[in-house]
Amino acid sequence: MKKILFVASESVPFIKTGGLADVVGTLPKTFDKDEYDVRVVLPNYTCIPNKFRDAMTDISSFYMDLSWRTQYVGIKELVYDGVTFYFIDNLYYFTGNKPYGDMYLDIEKFCYFSKAALSILPVIDFKPDIIHCHDWQAGLVPVFLKTAFANQNFYRNIKTVMTIHNLRFQGITDSGRMMDLTGLHSDLFTEDKMGTNGNGNMLKGGITYADKVTTVSETYAQEIQTPFFGEQLDPLLRYRKEDLFGIVNGIDYDSYNPLTDKQIAACYDKETVVQAKRENKMDLQKEVGLPVDPDKFVIGIISRLTDQKGLDLVDRVMNEICSENLQFVVLGTGDPKYENMFRYYASQYPDKVSANILYSDALSKKIYAGVDALMVPSLFEPCGLTQLMALRYGTVPIVRETGGLKDTVEAYDEYAKTGNGFSFSNYNAHEMLYTIQYAVKVYYETPEDWNGIVQRGMEMDYSWDHSAKEYEELYHLM
Ligand code: GLC
(Lines give C-alpha, C1' and ligand atoms only; values in the text may rest on other atoms or scores of the structure.)
Protein backbone atom coordinates (compact mmCIF):
# COMPACT_ATOMS: atom_id res chain seq x y z
CA MET A 1 0.00 0.00 0.00
CA LYS A 2 1.48 3.36 -1.04
CA LYS A 3 0.62 6.27 1.20
CA ILE A 4 0.19 9.64 -0.49
CA LEU A 5 -0.59 12.98 1.10
CA PHE A 6 -1.91 15.87 -0.99
CA VAL A 7 -1.23 19.34 0.40
CA ALA A 8 -3.23 22.15 -1.20
CA SER A 9 -4.99 25.44 -0.56
CA GLU A 10 -8.36 24.50 -2.07
CA SER A 11 -10.51 21.52 -3.00
CA VAL A 12 -14.05 20.87 -4.16
CA PRO A 13 -16.58 20.59 -2.60
CA PHE A 14 -15.23 22.58 0.35
CA ILE A 15 -13.65 25.65 -1.15
CA LYS A 16 -12.95 26.71 -4.72
CA THR A 17 -11.49 29.71 -6.52
CA GLY A 18 -10.30 27.92 -9.67
CA GLY A 19 -9.40 24.69 -11.44
CA LEU A 20 -6.93 23.69 -8.73
CA ALA A 21 -9.88 22.85 -6.47
CA ASP A 22 -11.36 20.50 -9.08
CA VAL A 23 -8.09 18.62 -9.37
CA VAL A 24 -7.42 18.30 -5.64
CA GLY A 25 -11.02 17.27 -4.93
CA THR A 26 -11.39 14.66 -7.65
CA LEU A 27 -8.00 13.10 -8.41
CA PRO A 28 -7.51 11.38 -4.98
CA LYS A 29 -10.66 9.27 -5.24
CA THR A 30 -9.58 7.98 -8.65
CA PHE A 31 -6.59 5.98 -7.36
CA ASP A 32 -7.06 2.26 -6.81
CA LYS A 33 -8.06 1.99 -3.13
CA ASP A 34 -6.38 -1.40 -2.70
CA GLU A 35 -3.03 0.02 -3.65
CA TYR A 36 -3.15 3.66 -2.62
CA ASP A 37 -4.09 5.41 0.58
CA VAL A 38 -4.45 9.02 -0.58
CA ARG A 39 -5.33 11.70 1.96
CA VAL A 40 -5.57 15.47 1.65
CA VAL A 41 -4.58 18.38 3.92
CA LEU A 42 -6.38 21.72 3.57
CA PRO A 43 -6.74 24.87 5.67
CA ASN A 44 -9.91 25.01 7.74
CA TYR A 45 -11.18 28.32 6.35
CA THR A 46 -14.15 29.72 8.20
CA CYS A 47 -15.73 30.37 4.78
CA ILE A 48 -16.05 26.63 4.11
CA PRO A 49 -19.82 26.02 4.20
CA ASN A 50 -21.15 25.06 7.63
CA LYS A 51 -22.62 21.81 6.40
CA PHE A 52 -19.03 20.59 6.00
CA ARG A 53 -17.54 22.38 9.00
CA ASP A 54 -20.21 20.89 11.28
CA ALA A 55 -19.50 17.41 9.98
CA MET A 56 -15.76 17.54 10.80
CA THR A 57 -14.41 15.70 13.83
CA ASP A 58 -11.71 17.08 16.11
CA ILE A 59 -8.61 14.93 16.06
CA SER A 60 -6.11 16.85 18.15
CA SER A 61 -4.34 20.14 18.67
CA PHE A 62 -0.89 21.35 19.66
CA TYR A 63 1.37 24.40 19.56
CA MET A 64 4.00 24.65 16.83
CA ASP A 65 7.18 26.71 16.82
CA LEU A 66 7.30 28.96 13.80
CA SER A 67 10.36 31.19 13.80
CA TRP A 68 10.15 33.15 17.09
CA ARG A 69 6.38 32.59 17.30
CA THR A 70 4.39 29.73 18.74
CA GLN A 71 1.19 29.01 16.84
CA TYR A 72 -1.86 26.91 17.51
CA VAL A 73 -2.49 23.96 15.16
CA GLY A 74 -5.85 22.23 15.37
CA ILE A 75 -6.52 19.10 13.30
CA LYS A 76 -9.99 18.24 12.06
CA GLU A 77 -10.99 15.36 9.85
CA LEU A 78 -13.77 14.62 7.39
CA VAL A 79 -14.12 11.58 5.17
CA TYR A 80 -15.79 12.60 1.95
CA ASP A 81 -16.48 10.33 -1.05
CA GLY A 82 -14.16 7.74 0.51
CA VAL A 83 -11.22 10.15 0.86
CA THR A 84 -9.87 11.38 4.21
CA PHE A 85 -9.45 15.15 4.38
CA TYR A 86 -7.57 16.82 7.24
CA PHE A 87 -8.23 20.46 7.96
CA ILE A 88 -5.64 22.63 9.72
CA ASP A 89 -7.47 24.82 12.15
CA ASN A 90 -6.23 28.27 13.11
CA LEU A 91 -8.65 31.16 13.41
CA TYR A 92 -5.94 33.79 13.24
CA TYR A 93 -4.95 32.72 9.71
CA PHE A 94 -8.08 31.22 8.20
CA THR A 95 -10.90 33.57 9.15
CA GLY A 96 -12.58 35.65 6.46
CA ASN A 97 -15.23 35.53 3.77
CA LYS A 98 -12.82 34.27 1.13
CA PRO A 99 -9.89 31.88 1.39
CA TYR A 100 -7.27 34.28 0.11
CA GLY A 101 -6.73 37.30 -2.08
CA ASP A 102 -4.24 39.62 -0.40
CA MET A 103 -0.75 38.37 -1.33
CA TYR A 104 0.99 39.98 1.63
CA LEU A 105 -1.22 38.23 4.17
CA ASP A 106 -1.44 35.05 2.11
CA ILE A 107 2.31 34.54 2.20
CA GLU A 108 2.22 34.47 6.00
CA LYS A 109 -0.80 32.13 5.99
CA PHE A 110 0.83 29.58 3.77
CA CYS A 111 4.24 29.74 5.46
CA TYR A 112 2.35 28.62 8.54
CA PHE A 113 0.23 26.11 6.61
CA SER A 114 3.20 24.37 4.94
CA LYS A 115 4.94 23.77 8.24
CA ALA A 116 1.71 22.76 9.97
CA ALA A 117 0.92 20.22 7.23
CA LEU A 118 4.19 18.45 8.02
CA SER A 119 3.91 18.85 11.79
CA ILE A 120 0.55 17.09 12.06
CA LEU A 121 1.86 13.84 10.54
CA PRO A 122 3.26 12.19 13.70
CA VAL A 123 0.13 13.34 15.55
CA ILE A 124 -2.26 11.68 13.10
CA ASP A 125 0.19 8.79 12.82
CA PHE A 126 0.37 8.92 9.05
CA LYS A 127 3.77 8.67 7.43
CA PRO A 128 3.31 9.18 3.69
CA ASP A 129 5.66 7.68 1.14
CA ILE A 130 5.03 10.72 -0.98
CA ILE A 131 3.80 14.22 -0.23
CA HIS A 132 2.20 15.70 -3.31
CA CYS A 133 2.27 19.51 -3.09
CA HIS A 134 0.09 21.77 -5.21
CA ASP A 135 1.08 25.30 -6.27
CA TRP A 136 3.00 27.94 -4.33
CA GLN A 137 0.80 27.66 -1.23
CA ALA A 138 2.38 24.25 -0.57
CA GLY A 139 5.81 25.19 -1.97
CA LEU A 140 7.55 25.32 1.39
CA VAL A 141 6.63 21.73 2.27
CA PRO A 142 9.58 20.21 0.33
CA VAL A 143 11.82 22.99 1.68
CA PHE A 144 10.95 22.34 5.34
CA LEU A 145 11.12 18.59 4.80
CA LYS A 146 14.62 18.64 3.28
CA THR A 147 16.01 21.21 5.73
CA ALA A 148 14.44 21.93 9.13
CA PHE A 149 12.81 18.47 9.40
CA ALA A 150 15.68 16.51 7.81
CA ASN A 151 17.21 15.17 11.00
CA GLN A 152 13.98 13.93 12.59
CA ASN A 153 13.60 10.20 12.20
CA PHE A 154 9.87 10.30 11.46
CA TYR A 155 10.38 12.32 8.28
CA ARG A 156 13.19 10.21 6.84
CA ASN A 157 12.63 8.86 3.29
CA ILE A 158 9.48 10.82 2.60
CA LYS A 159 9.56 11.89 -1.06
CA THR A 160 7.86 14.93 -2.58
CA VAL A 161 6.15 15.89 -5.84
CA MET A 162 5.58 19.56 -6.65
CA THR A 163 2.75 20.18 -9.10
CA ILE A 164 2.55 23.54 -10.85
CA HIS A 165 -1.02 24.49 -11.77
CA ASN A 166 -0.08 28.05 -12.64
CA LEU A 167 3.46 29.37 -12.71
CA ARG A 168 2.35 32.99 -12.61
CA PHE A 169 1.67 32.85 -8.87
CA GLN A 170 4.81 32.07 -6.89
CA GLY A 171 4.47 33.46 -3.37
CA ILE A 172 7.24 36.04 -3.29
CA THR A 173 8.21 38.37 -0.45
CA ASP A 174 11.32 40.04 0.90
CA SER A 175 13.78 37.37 2.13
CA GLY A 176 14.11 39.00 5.53
CA ARG A 177 10.37 38.79 6.03
CA MET A 178 10.20 35.20 4.83
CA MET A 179 13.01 34.20 7.19
CA ASP A 180 11.13 35.90 9.99
CA LEU A 181 7.89 34.11 9.06
CA THR A 182 9.38 30.66 8.62
CA GLY A 183 12.54 30.48 10.69
CA LEU A 184 14.25 29.00 7.60
CA HIS A 185 18.02 29.58 7.47
CA SER A 186 19.40 32.49 5.43
CA ASP A 187 21.51 30.01 3.39
CA LEU A 188 18.33 28.92 1.63
CA PHE A 189 17.64 32.35 0.17
CA THR A 190 20.36 32.32 -2.49
CA GLU A 191 19.48 32.34 -6.21
CA ASP A 192 20.28 28.64 -6.61
CA LYS A 193 17.70 27.67 -3.95
CA MET A 194 14.63 29.76 -3.17
CA GLY A 195 15.89 33.32 -3.65
CA THR A 196 14.90 35.58 -6.52
CA ASN A 197 16.31 39.13 -6.66
CA GLY A 198 16.68 39.46 -2.91
CA ASN A 199 13.28 37.91 -2.23
CA GLY A 200 12.17 34.56 -0.98
CA ASN A 201 10.10 32.58 -3.50
CA MET A 202 7.93 29.77 -2.14
CA LEU A 203 7.20 28.03 -5.43
CA LYS A 204 10.86 28.22 -6.42
CA GLY A 205 11.71 26.55 -3.12
CA GLY A 206 9.23 23.78 -3.89
CA ILE A 207 10.64 23.24 -7.39
CA THR A 208 14.21 23.22 -6.10
CA TYR A 209 13.63 20.79 -3.24
CA ALA A 210 10.94 18.43 -4.59
CA ASP A 211 12.05 15.05 -5.89
CA LYS A 212 9.79 15.35 -8.92
CA VAL A 213 8.05 18.31 -10.50
CA THR A 214 4.92 18.07 -12.59
CA THR A 215 2.61 20.40 -14.38
CA VAL A 216 -0.84 19.87 -15.81
CA SER A 217 -0.18 19.30 -19.51
CA GLU A 218 2.64 18.12 -21.74
CA THR A 219 2.72 21.35 -23.74
CA TYR A 220 2.83 23.58 -20.64
CA ALA A 221 5.72 21.45 -19.31
CA GLN A 222 7.63 22.40 -22.46
CA GLU A 223 6.45 26.01 -22.56
CA ILE A 224 7.57 26.85 -19.02
CA GLN A 225 11.13 26.00 -19.95
CA THR A 226 11.12 29.07 -22.22
CA PRO A 227 11.44 32.71 -21.11
CA PHE A 228 7.99 33.74 -22.39
CA PHE A 229 6.07 31.26 -20.24
CA GLY A 230 8.76 30.65 -17.62
CA GLU A 231 7.87 33.60 -15.34
CA GLN A 232 11.62 33.93 -14.58
CA LEU A 233 11.88 30.34 -13.39
CA ASP A 234 12.66 28.89 -16.84
CA PRO A 235 16.39 28.44 -16.05
CA LEU A 236 15.50 26.36 -12.98
CA LEU A 237 12.87 24.38 -14.91
CA ARG A 238 15.35 23.65 -17.69
CA TYR A 239 17.84 22.57 -15.06
CA ARG A 240 15.25 20.18 -13.61
CA LYS A 241 13.89 18.95 -16.93
CA GLU A 242 14.80 15.30 -16.28
CA ASP A 243 12.45 15.39 -13.28
CA LEU A 244 9.74 17.52 -14.91
CA PHE A 245 6.62 15.78 -16.23
CA GLY A 246 3.45 17.03 -17.91
CA ILE A 247 0.32 15.10 -16.91
CA VAL A 248 -2.90 16.45 -18.34
CA ASN A 249 -5.84 16.92 -15.95
CA GLY A 250 -9.09 15.06 -16.18
CA ILE A 251 -12.53 16.09 -14.97
CA ASP A 252 -15.00 14.37 -12.69
CA TYR A 253 -17.19 12.35 -15.05
CA ASP A 254 -19.83 11.87 -12.35
CA SER A 255 -20.32 15.55 -11.55
CA TYR A 256 -20.08 16.47 -15.21
CA ASN A 257 -22.46 14.11 -16.94
CA PRO A 258 -25.13 15.44 -19.32
CA LEU A 259 -27.05 12.19 -18.98
CA THR A 260 -27.65 12.55 -15.23
CA ASP A 261 -27.19 16.29 -14.61
CA LYS A 262 -30.13 17.51 -12.54
CA GLN A 263 -29.28 21.15 -13.13
CA ILE A 264 -30.04 21.14 -16.86
CA ALA A 265 -33.44 21.23 -18.60
CA ALA A 266 -32.96 18.15 -20.81
CA CYS A 267 -30.53 15.30 -20.13
CA TYR A 268 -28.78 13.67 -23.07
CA ASP A 269 -26.02 11.54 -24.47
CA LYS A 270 -24.41 11.54 -27.87
CA GLU A 271 -27.44 9.97 -29.53
CA THR A 272 -29.80 12.66 -28.26
CA VAL A 273 -27.55 15.69 -28.06
CA VAL A 274 -28.90 17.57 -31.08
CA GLN A 275 -32.50 17.74 -29.91
CA ALA A 276 -31.63 18.17 -26.22
CA LYS A 277 -29.26 21.02 -26.94
CA ARG A 278 -32.12 22.95 -28.55
CA GLU A 279 -34.16 22.55 -25.39
CA ASN A 280 -31.24 23.42 -23.13
CA LYS A 281 -30.46 26.42 -25.30
CA MET A 282 -34.00 27.80 -24.97
CA ASP A 283 -33.90 27.23 -21.22
CA LEU A 284 -30.58 29.07 -21.00
CA GLN A 285 -31.76 31.96 -23.16
CA LYS A 286 -34.77 32.38 -20.89
CA GLU A 287 -32.60 32.20 -17.78
CA VAL A 288 -30.06 34.81 -18.92
CA GLY A 289 -32.52 37.13 -20.66
CA LEU A 290 -31.67 36.63 -24.32
CA PRO A 291 -34.24 36.22 -27.12
CA VAL A 292 -35.33 32.59 -27.21
CA ASP A 293 -34.29 31.01 -30.49
CA PRO A 294 -33.06 27.43 -30.68
CA ASP A 295 -31.55 27.98 -34.14
CA LYS A 296 -29.28 30.80 -33.05
CA PHE A 297 -25.55 30.08 -32.71
CA VAL A 298 -24.62 30.69 -29.07
CA ILE A 299 -21.08 31.09 -27.76
CA GLY A 300 -20.20 30.85 -24.06
CA ILE A 301 -17.29 31.94 -21.89
CA ILE A 302 -16.94 30.48 -18.40
CA SER A 303 -13.82 31.81 -16.78
CA ARG A 304 -11.97 33.64 -14.08
CA LEU A 305 -11.87 37.10 -15.66
CA THR A 306 -8.12 37.71 -15.60
CA ASP A 307 -5.36 38.69 -18.04
CA GLN A 308 -4.41 35.04 -18.44
CA LYS A 309 -7.66 34.26 -20.21
CA GLY A 310 -7.22 36.29 -23.41
CA LEU A 311 -10.10 38.66 -22.73
CA ASP A 312 -8.27 41.64 -24.21
CA LEU A 313 -8.55 39.82 -27.56
CA VAL A 314 -12.30 39.61 -27.07
CA ASP A 315 -12.47 43.31 -26.24
CA ARG A 316 -10.54 44.21 -29.38
CA VAL A 317 -13.03 42.56 -31.79
CA MET A 318 -16.24 42.32 -29.77
CA ASN A 319 -18.11 44.69 -32.12
CA GLU A 320 -17.20 42.48 -35.08
CA ILE A 321 -18.20 39.36 -33.15
CA CYS A 322 -21.55 40.97 -32.38
CA SER A 323 -22.15 41.77 -36.03
CA GLU A 324 -22.34 38.01 -36.64
CA ASN A 325 -25.59 36.09 -36.33
CA LEU A 326 -24.98 34.83 -32.79
CA GLN A 327 -25.48 35.27 -29.06
CA PHE A 328 -22.79 35.45 -26.40
CA VAL A 329 -23.12 34.33 -22.75
CA VAL A 330 -20.42 35.11 -20.19
CA LEU A 331 -20.14 33.71 -16.66
CA GLY A 332 -17.37 34.60 -14.23
CA THR A 333 -15.83 37.10 -11.86
CA GLY A 334 -12.42 38.64 -11.51
CA ASP A 335 -10.60 41.75 -12.62
CA PRO A 336 -13.08 44.69 -12.56
CA LYS A 337 -11.83 45.91 -15.92
CA TYR A 338 -13.12 42.70 -17.57
CA GLU A 339 -16.26 42.55 -15.46
CA ASN A 340 -17.11 46.07 -16.64
CA MET A 341 -16.12 45.33 -20.20
CA PHE A 342 -18.69 42.53 -20.44
CA ARG A 343 -21.32 44.64 -18.65
CA TYR A 344 -20.67 47.34 -21.23
CA TYR A 345 -21.14 45.00 -24.21
CA ALA A 346 -24.29 43.57 -22.64
CA SER A 347 -25.70 47.09 -22.44
CA GLN A 348 -24.65 47.84 -26.04
CA TYR A 349 -26.03 44.57 -27.43
CA PRO A 350 -28.85 43.53 -25.09
CA ASP A 351 -30.21 41.02 -27.63
CA LYS A 352 -26.85 39.42 -28.19
CA VAL A 353 -24.73 39.56 -25.06
CA SER A 354 -25.55 38.37 -21.56
CA ALA A 355 -22.98 39.17 -18.85
CA ASN A 356 -23.34 37.12 -15.68
CA ILE A 357 -20.72 38.51 -13.34
CA LEU A 358 -21.00 35.93 -10.62
CA TYR A 359 -19.94 32.44 -9.66
CA SER A 360 -22.59 29.77 -10.09
CA ASP A 361 -22.16 26.05 -10.52
CA ALA A 362 -25.80 25.67 -11.58
CA LEU A 363 -25.61 28.34 -14.28
CA SER A 364 -22.30 26.93 -15.53
CA LYS A 365 -23.99 23.57 -16.17
CA LYS A 366 -26.83 25.26 -18.06
CA ILE A 367 -24.25 27.05 -20.19
CA TYR A 368 -22.24 23.90 -20.96
CA ALA A 369 -25.47 22.18 -21.97
CA GLY A 370 -27.09 25.10 -23.79
CA VAL A 371 -24.41 26.81 -25.86
CA ASP A 372 -22.99 25.56 -29.15
CA ALA A 373 -19.41 26.68 -28.64
CA LEU A 374 -17.23 27.62 -25.67
CA MET A 375 -14.41 30.09 -26.11
CA VAL A 376 -11.06 29.81 -24.31
CA PRO A 377 -8.67 32.23 -26.05
CA SER A 378 -6.05 32.17 -23.27
CA LEU A 379 -2.67 33.88 -23.36
CA PHE A 380 -1.37 30.87 -21.47
CA GLU A 381 -3.26 27.90 -20.06
CA PRO A 382 -1.52 25.25 -17.94
CA CYS A 383 -4.35 22.81 -18.60
CA GLY A 384 -7.74 24.43 -18.71
CA LEU A 385 -10.74 22.46 -17.56
CA THR A 386 -13.66 24.27 -19.16
CA GLN A 387 -12.80 22.96 -22.64
CA LEU A 388 -12.96 19.41 -21.20
CA MET A 389 -16.33 20.09 -19.59
CA ALA A 390 -17.51 21.56 -22.90
CA LEU A 391 -16.47 18.43 -24.83
CA ARG A 392 -18.30 16.28 -22.31
CA TYR A 393 -21.48 18.32 -22.90
CA GLY A 394 -21.28 18.22 -26.70
CA THR A 395 -20.17 21.84 -26.86
CA VAL A 396 -17.48 22.74 -29.35
CA PRO A 397 -14.39 24.46 -27.89
CA ILE A 398 -12.81 27.42 -29.70
CA VAL A 399 -9.36 27.81 -28.19
CA ARG A 400 -5.93 29.28 -28.62
CA GLU A 401 -3.26 26.63 -29.16
CA THR A 402 -1.38 26.90 -25.88
CA GLY A 403 -0.73 24.60 -22.91
CA GLY A 404 -3.43 22.06 -22.19
CA LEU A 405 -5.76 23.64 -24.75
CA LYS A 406 -3.36 22.52 -27.46
CA ASP A 407 -3.16 19.01 -26.01
CA THR A 408 -6.91 18.43 -25.68
CA VAL A 409 -8.53 20.25 -28.60
CA GLU A 410 -7.88 19.07 -32.12
CA ALA A 411 -8.80 21.58 -34.84
CA TYR A 412 -11.59 20.67 -37.23
CA ASP A 413 -10.38 19.59 -40.66
CA GLU A 414 -13.20 19.97 -43.16
CA TYR A 415 -11.53 17.68 -45.72
CA ALA A 416 -10.59 14.78 -43.47
CA LYS A 417 -13.69 15.35 -41.26
CA THR A 418 -11.59 15.11 -38.13
CA GLY A 419 -11.21 17.30 -35.06
CA ASN A 420 -13.27 18.16 -32.00
CA GLY A 421 -13.05 21.95 -31.99
CA PHE A 422 -11.59 25.09 -33.52
CA SER A 423 -8.27 26.69 -32.70
CA PHE A 424 -5.93 29.51 -33.64
CA SER A 425 -2.27 29.83 -32.95
CA ASN A 426 -1.17 33.43 -32.49
CA TYR A 427 -2.25 35.76 -29.73
CA ASN A 428 -4.01 37.94 -32.24
CA ALA A 429 -7.58 39.24 -32.03
CA HIS A 430 -8.22 38.94 -35.75
CA GLU A 431 -6.99 35.36 -35.90
CA MET A 432 -9.48 34.66 -33.14
CA LEU A 433 -12.23 36.53 -35.00
CA TYR A 434 -11.64 34.56 -38.23
CA THR A 435 -11.80 31.34 -36.26
CA ILE A 436 -15.13 32.35 -34.74
CA GLN A 437 -16.44 33.38 -38.18
CA TYR A 438 -15.37 30.02 -39.58
CA ALA A 439 -17.20 28.21 -36.74
CA VAL A 440 -20.34 30.29 -37.44
CA LYS A 441 -20.14 29.32 -41.11
CA VAL A 442 -19.77 25.60 -40.38
CA TYR A 443 -22.67 25.75 -37.91
CA TYR A 444 -25.15 27.40 -40.30
CA GLU A 445 -23.99 26.08 -43.66
CA THR A 446 -22.99 22.48 -42.98
CA PRO A 447 -24.91 21.40 -39.88
CA GLU A 448 -24.09 17.73 -40.44
CA ASP A 449 -20.38 18.60 -40.26
CA TRP A 450 -21.01 20.64 -37.13
CA ASN A 451 -22.78 17.68 -35.55
CA GLY A 452 -19.81 15.49 -36.50
CA ILE A 453 -17.55 17.78 -34.46
CA VAL A 454 -19.99 17.56 -31.55
CA GLN A 455 -20.02 13.76 -31.78
CA ARG A 456 -16.25 13.41 -31.88
CA GLY A 457 -15.98 15.70 -28.87
CA MET A 458 -18.41 13.60 -26.89
CA GLU A 459 -16.44 10.47 -27.75
CA MET A 460 -13.24 11.77 -26.13
CA ASP A 461 -12.34 10.38 -22.73
CA TYR A 462 -11.04 13.05 -20.39
CA SER A 463 -12.07 11.33 -17.19
CA TRP A 464 -9.36 11.03 -14.53
CA ASP A 465 -8.63 7.35 -15.14
CA HIS A 466 -5.91 7.87 -17.68
CA SER A 467 -4.15 10.70 -15.83
CA ALA A 468 -4.33 8.88 -12.50
CA LYS A 469 -2.42 6.00 -14.15
CA GLU A 470 0.30 8.44 -15.14
CA TYR A 471 0.57 9.74 -11.57
CA GLU A 472 0.75 6.14 -10.34
CA GLU A 473 3.67 5.50 -12.71
CA LEU A 474 5.38 8.61 -11.44
CA TYR A 475 4.90 7.60 -7.79
CA HIS A 476 6.43 4.21 -8.60
CA LEU A 477 9.51 5.85 -10.06
CA MET A 478 10.23 7.44 -6.69
C1 GLC B 1 -5.00 26.61 -12.90
C2 GLC B 1 -4.67 26.78 -14.39
C3 GLC B 1 -5.56 25.92 -15.26
C4 GLC B 1 -5.57 24.48 -14.76
C5 GLC B 1 -5.94 24.43 -13.27
C6 GLC B 1 -5.92 23.04 -12.69
O7 GLC B 1 -6.24 27.17 -12.61
O8 GLC B 1 -4.79 28.15 -14.76
O9 GLC B 1 -5.12 25.93 -16.60
O10 GLC B 1 -6.49 23.72 -15.49
O11 GLC B 1 -5.03 25.22 -12.53
O12 GLC B 1 -4.69 22.38 -12.86
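The values are calculated or read from the model by the stated rules, or taken from the named source; none is laboratory data. Since the model is a prediction, treat every value here as computed from it, not as a measurement. Quick reminder, even Gly has a Cβ in these numbers, built from the backbone with ideal geometry, and neighbours come from all protein chains shown. Accessible surface is based on the protein model in full, side chains and every heavy atom, while ligands, DNA and RNA are left aside. Shrake-Rupley method; radii C 1.70, N 1.55, O 1.52, S 1.80 Å.
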Please compute, over every Cα-Cα pair in segment 119-201, the percentage with a separation greater than 20 angstrom.
37
Per segment 230-359, sqrt(5λ) over the Cα gyration tensor eigenvalues, sorted largest first, in Å, gives 32, 24, 12
In what sequence, highest mean first, do 440-447, 197-204 appear when ranked by Cβ atoms within 10 angstrom?
197-204, 440-447
Tell me which residues come under 5 Å, amide H to amide H, from Tyr80 once H is placed; ignore anything under 5 positions away on its chain.
Phe85
Can you give me the % of accessible surface on the chain that is carbon or sulfur? Probe 1.4 Å, all protein chains present, nothing else counted.
49
Of Met202, Tyr345, Leu391, farthest towards positive along the dipole that unit charges on Lys, Arg, Asp, Glu beta carbons give the chain:
Met202
Can you find, among Pro336, Thr70, Ser423, the residue farthest towards the positive end of the dipole of the chain? Put +1 on the C-beta of Lys and Arg, -1 on that of Asp and Glu.
Thr70
Once Asp335, Asp22 are ranked on solvent-accessible area with the largest value leading and a 1.4 Å probe, the list reads Asp335, Asp22
Using a Förster radius of 41 Å, what is the FRET efficiency between Thr95 and Leu259 based on their Cβ-Cβ separation? Nearest 0.05, please.
0.50
Using the Kirkwood radius over C-alpha pairs as Rh, can you work out the diffusion coefficient of segment 172-219 via Stokes-Einstein at 20 °C, viscosity 1.002 mPa s, in µm² per second?
190
Output the DSSP H helices from the chain with an along-axis C-alpha extent of no less than 27 Å and a mean Kyte-Doolittle hydropathy no less than 0.5.
103-124
Loop-resident GluC sites (Glu not before Pro) in segment 170-247 with no more than 16 other Cβ atoms inside 10 Å, DSSP not H/G/I/E/B, are Glu191
Rounded if a/c under 1.5, otherwise prolate or oblate - segment 324-478, Cα gyration tensor axes
oblate
Rounded, prolate or oblate for segment 299-408? Axes are the square roots of the Cα gyration tensor eigenvalues, ordered a ≥ b ≥ c, and the cut-off for rounded is a/c under 1.5.
rounded
Cα-centre dipole for segment 158-292 with unit charges at Cβ (Lys and Arg positive, Asp and Glu negative), debye to 20
180
Beyond 23 Å, the calculated P(r) of segment 1-141 holds a percent of Cα-Cα pairs equal to 27
What's the magnitude of the charge dipole for segment 116-238 around its Cα centre, counting Lys and Arg as +1 and Asp and Glu as -1 at the beta-carbon? Answer in Debye, nearest 20.
260
For the chain, what's the relative contact order in percent, using C-alpha pairs closer than 8 Å and at least 6 residues apart?
12
Please calculate how many Å² of accessible area segment 299-381 carries per residue, with a 1.4 Å probe and no DNA, RNA or ligand atoms counted.
34
Normalized C-alpha radius of gyration of segment 403-452, against 2.2 N^0.38 Å?
1.16
Given a 1.4 angstrom probe, what's the average accessible area per residue across segment 184-292, in square angstrom?
45
Value of Rg to Rh for the chain (Rh from inverse mean 1/r over Cα pairs, i.e. Kirkwood)
0.98
Which order do you get for Trp136, Trp68 if you rank them by accessible area with a 1.4 Å probe, largest at the top?
Trp68, Trp136
Quickly estimate the mean residue ellipticity at 222 nm for the chain, helices only: each DSSP H run with n ≥ 4 gives -39500 (n - 2.57), and the total goes over all residues, rounded to 500.
-11500 deg cm²/dmol
Using the Cα atoms of segment 256-310 to build a convex hull, what is its mean projected area in square nanometres?
5.0
Hey, can you rank 120-128, 166-174 by average C-beta count inside 10 Å, highest first?
166-174, 120-128
If you average 1/r over every pair of different alpha-carbon atoms in segment 185-291 and take one over that average, what Kirkwood value in Å do you get?
17.8
Can you compute the charge dipole magnitude of segment 155-202 about its Cα centre, using +1 on each Lys and Arg Cβ and -1 on each Asp and Glu Cβ, nothing else charged? Give it in debye, rounded to the nearest 20.
280
For segment 391-478, what is the accessible area per residue in Å² when the probe is 1.4 Å?
43
